[in-house]
Amino acid sequence: MPMTETFKKAKSAGRKLALLTDEKRNGILRDVADAIIAGKSHILQANVADLKKMEPSDPLYDRLMLTESRLEAIAADMRNVSRLPSPLGRTLTERTLDNGLRLRRVSVPFGVIGMIYEARPNVTFDVFALCFKSGNACVLKGGRDADCSNRAAVDVIHKVLAGHGIDTAAVTLLPATHEATASMLSAVGYIDLCIPRGGRKLIDFVRDTARVPVIETGAGVVNTYFDAAGDTEKGQRIICNAKTRRVSVCNALDCLLVHRARLTDLPALCAPLAEKQVTVFADVSAMNMLRGSYPDRLLADVTADSYGTEYMDYKMAVRTVSSAAEAIDHINRYGSGHSECIITEDADTARQFQTRVDAACVYVNAPTSFTDGAQFGLGAEIGISTQKLGPRGPMGLEEITTYKWLIEGDGQIRE
């Protein structure tokens, strides 16, 4: 394996991180947050170099773009992480056996977390903050589109770590090549956990190729169901926010399901979307209702691929359903297990929806745009897990720790 020495250094650095006090880790996180603001010109200049290589019409352009306000938010999230309780050294359970042996299950770092992600330079800072706080080294593999931005970010982090006498291999950025990805996925004994964060194609490749443990995150085919008992004013706000707040993120709305009894409300529900220039792929019933009230140039017939698509763009499908049960069946068929929403004033229907929908995050009368580690009070997130084994939903500090058993005896032997 050509990158063995790189991974060995990260492993060694991770063992040292686990020995730091939480106070020391928190101080370094605050210093990195300050360094982000102080070095914003350097970071933004690198980001501009990346942006010049991508068409603004590309759905990934918004994810790639950094601004002063986004850097300030990143720094604020890092400070929030520094204020969170340490996830390490917590006694998760304890008991004393009949023979007197005392057992404790205690939280510890994974060791080295490998992160593979696309055009998202903010992920570099988020992963560092969460991994460092939880005593994990991180090996980062970003995409070519964001390579200049990622290197500028890691440069800022390394300068702070070096100033504190911390081994900079604790944050290792690999080359933005396919060969580096293959090396990480084969780094058995060095990478303790790999987390891909990106589109379905990336996640499928990592899951199918990796020889190291993987947690799937990111891909979001997100639906919102407007029920027969839905409030139109709430629906307008929720649907528009879920679709247009940031169209390129994984919690953005992709398909609106509308109860047939409320089709007459569809023009009102979609009116704010027209102002944002959202293209709507509508079924026959929805199309008949929208034609004449929604701009013709933004209307298109639904196709076989419309319902299972993560658009990451100003595009959305609309389907008419006859019941909450039909909406739930649609979501469980086409959704990706990420985030789903119902808009209803009927408490029984809301409970049925939350019980039967198979997703990490299920909302009632609130937009799926809230699926975010910082919004959930986790400080930041390393990703949003859509799988069921292990973490599910936004992954913060607790989700990137494991545990070990500590056993104390007084000379007992097993018969």
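Descriptive notes on the structure:
- Taking Cβ separations below 4.7 Å as the criterion for a possible disulfide partner, the isolated cysteines in the chain are 148, 194, 240, 250, 255, 270, 341, 361.
- Counting only DSSP beta bridges whose two residues both lie in the chain, roughly 30 percent are antiparallel.
- Measuring how big the range 195-254 is from its alpha-carbon positions, Rg and Dmax come out at 15.9, 50 Å.
- Cα long-axis angle, helix 232-244 against the chain (0 to 90 degrees, to the nearest 10): 50
- Solvent-accessible area of residue 107 with every protein chain in place, 1.4 Å probe, in Å² to the nearest 10: 0
- The relative contact order of the range 197-337 comes to 29 percent, based on Cα pairs under 8 Å that sit 6 or more residues apart.
- Average projection, convex hull of the Cα set of the range 172-328: 11.4 square nanometres.
- Loop GluC sites (Glu not before Pro), the range 317-363, which have at most 16 other Cβ atoms in a 10 Å radius of their Cβ (DSSP): 345
- With 24 Å as the limit, the listed pairs 9/40; 8/52; 201/388; 8/201; 11/404; 53/276 have 9/40; 8/52; 8/201; 53/276 beyond it between alpha carbons.
- Here the accessible area of the chain is 49 percent carbon and sulfur, with a 1.4 angstrom probe and all protein chains present.
- Dimensions in Å of the range 71-189 - Rg and Dmax from alpha carbons: 17.6, 60
- Taking the C-alpha atoms only, the angle from helix 347-356 to the longest principal axis of the chain is near 50 degrees.
- The loop-placed GluC sites (Glu not before Pro) in the range 45-111, going by DSSP, include none that has at most 14 neighbouring Cβ atoms within 10 Å of its Cβ.
- Relative contact order of the chain, taken over Cα pairs closer than 8 Å and 6 or more residues apart, is 18 percent.
- Computed [θ] at 222 nm, helices only, for the chain once each DSSP H run of length n ≥ 4 contributes -39500 (n - 2.57): -12000 deg cm²/dmol
- Helix 200-209 vs. the chain, principal-axis angle (Cα, 0 to 90°, nearest 10): 40
- Cα-Cα pairs of the range 291-415 separated by more than 20 Å (percent): 60
- Candidate values (1) 17.7; (2) 23.8; (3) 21.5, label of the one derived for mean projected area of the Cα convex hull in nm²: (2)
The values are calculated or read from the model by the stated rules, or taken from the named source; none is laboratory data. Every value quoted in this text rests on a predicted model; they were computed, and no experiment measured them. So basically every Cβ, Gly included, is an ideal-geometry build from the backbone, and we count neighbours across all protein chains shown. Accessible surface is based on the protein model in full, side chains and every heavy atom, while ligands, DNA and RNA are left aside. Shrake-Rupley method; radii C 1.70, N 1.55, O 1.52, S 1.80 Å.
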